[in-house]
Every structure is written in C-alpha cells, then in structure tokens.
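Coordinate-derived values only; no laboratory data. Predicted, not measured: the structure shown is a model, and the values here were computed from it. All Cβ positions, even for glycine, are placed from backbone atoms using ideal geometry, and neighbour counts span all protein chains on display.
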Amino acid sequence: MHRSAVAFLAVLATALVAVSLSAAASHRLAKAHVYHRIISLSPTVTEDLFAIGAGKRVIAVDQDSNYPSRAPRTSLSGYTPNSEAIANYHPDLVLISYNPHNFAAQMRSLGIKVVMVPAAANLAQTYSEILQIGKLTGHPKGAAGVVGWMKTRLAQIVASVPASRRHLRVYHELDQTYYSATSKTFIGSIYKLFGFTNIADAADTSGSGYPQLSGEYIVQQDPQIIVLADTRCCDQTAETVAARPGWSGISAVVHHRVVGVNDDVASRWGPRIVQFARRVAEIAKSG
C-alpha cells in the first residue's frame, strides 16, 4: 500500500511538472512582443510590410517609399536619418537597410528596437528577409504566402520562355553613362534565372557588381536584350537607344528587344520583382 502511494505521488508530481512547464511555455508565447508602431526607412521593406499584411502597424515610412500609395510617406530619410525626428514618432520598431553613422546604435540608446534588413544579393535572401519581417510583425502566414506566391510565379514566368531564348545576351542599363549590373547583384540574379549572358560580367574588373561600360563596348558585345532601368529618371526609351551613334545595328534594337522598366521596381528586392521578371520574359519571347 505504501509503495503504491509513493508511486502514485511520483506520477502525479511528474504530471504537475509537465503541466507547469507547458503553462510556462504558453505564457512565454503569450508574452512574445508584438510591435505596433513601426517605421520603415527602406522602400523595399515598406513594400514587404504591406504585402504581408502588416501595413496597419506602420506609422511612418521614408521619403523614397512611394509604393504602395497608402503607405504613410514622410520627409524622413533612410540615407541620412535624423534620430530626433524619428524618435518623435515614438516607434517601437524601426526597420532599416542602411546604417549611416551608426544610426542604429543611436536609436537603441533611446530604447527603440532597430532591425537591419540589408539589400538582398539574391532571391534566397529576399525570401529570408520577407519571412523575418513576417515573424517580427506577427504576420508569419502572410509572409509565407508572399514567398510562396513569388516562387510559383517566377517559376511559371521563366518556364514560359522557350529554350531557344534562354541563352540571350543582356545589357541592363542603370543610367545614361552606361553603368550596369552584373550577375553578382540582385537584379543580375533574375537574369540568371533565364540563363541569359550578362555582358557586364566581363567588364567588372573591380568586382563591384556595378561597372561603368562604354558605348563602344556595348556595341561590340551586341546584346540581344536591352533593359532600361532609367526610363523615369532619364527618359530613356527604345527610340532614344536606337538614336545613339552606332546602336541602330545592335541585335536588341534590330529585333525590337529593348524594354523600359520601372526604375523603382528594378532597384528593389521585394515582391514586385515578379513584375520585372514578367517584362523580361515578354521581351525575350518577342522579335
């Protein structure tokens, strides 16, 4: 009888410990911090926040965050951030992609959480950052949904390009002085999905990822696709490209494969990169 009682008490004690640990774990989960006053100082992060459904918690975004239109755009700068101006919004979370003059440390000294979301080098990093933002803001399902949608759509878009158009030479133009982006950059990684040859790669002797090419070099390389990411800033079009000295004979011009893209979409690593890929696919299949 005594041994039975001891055994019962031991089992009961074990059960109580398990219940206690379970309750403690649940308490910790319940106490997980949820941020309600978010400031984004990165246009890409702003797009991510609204895409995953966290837009209602965003109280301010930087002056360059022009998408979506409902984002609370301000005069705040992500490149030269003003700690005092940002603190006046009383945020509980600030998301940045740049950290000039150790801005993050200044914010943290004021008791404000700052999380760095750097420029992505490839799609894998983009997906990881979207999921990170989803976890931070309490929208993990929304973030997972966005990532799943991006993966599916990009795979469909790439598959829509015939094998015969998967090895074209591409020139990506950042501005009228012929700065370009190599395969090492995020935008270059999109071209790699299609199997394109990036003419900027061979010219990047410094390894910066953003070499300045010459008009002569571009003509010599004879790109079969030209993507203009300077349509809004610099008013470049297929017509202005064709009018450049010596460019009328370039394959991309001859076969009408010069395409203008939204400068912002081409410079950000968020969900709208799907739009960019769609435009590239369309031009690859034309002509």
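Couple of notes before you dig in:
- C-alpha center-to-center spacing [segment 116-160, segment 58-72] in angstrom: 20
- Rounded to the nearest 20, the Cβ-based charge dipole of segment 194-287 about its Cα centre (Lys and Arg +1, Asp and Glu -1) stands at 360 debye.
- Estimated from the Cβ-Cβ distance and a Förster radius of 45 angstrom, the FRET efficiency linking ARG166 and ARG232 is about 0.95.
- Nonlocal amide H pairs with ALA119, under 5 Å, H built at 1.01 Å: none
- With R₀ fixed at 45 Å, the C-beta to C-beta distance from ALA87 to THR205 puts the FRET efficiency at about 0.55.
- 5 angstrom amide H check on GLY260, placed H, neighbours 5+ away: LEU228
- The label-point distance for ASN102 and TRP149, in a model that sets each label 7 Å from Cα toward Cβ, rounds to 4.1 nm.
- Proximal charge balance of THR74 [Cβ under 13 Å; K/R count +1, D/E count -1]: -1
- HN-Hα J in Hz across segment 186-193 - Karplus 6.51, -1.76, 1.60, θ = phi - 60°, x for Gly and Pro: 4, 5, x, 5, 5, 5, 5, 4
- Per-residue ³J(HN,Hα) for segment 92-104, Karplus 6.51 cos²θ - 1.76 cosθ + 1.60, θ = phi - 60°, Hz, x for Gly and Pro: 10, 8, 10, 10, 10, 10, 9, 10, x, 6, 6, 4, 4
- Reciprocal mean inverse distance between Cα atoms of segment 38-119 - Kirkwood radius, Å: 12.3
- Converting the Cα gyration tensor eigenvalues of the chain into ellipsoid dimensions via √(5λ) gives semi-axes, longest first, of 48, 25, 15 Å.
- The chain, helix-only ellipticity at 222 nm - DSSP H runs n ≥ 4, -39,500 (n - 2.57), divided by all residues, nearest 500: -13500 deg cm²/dmol
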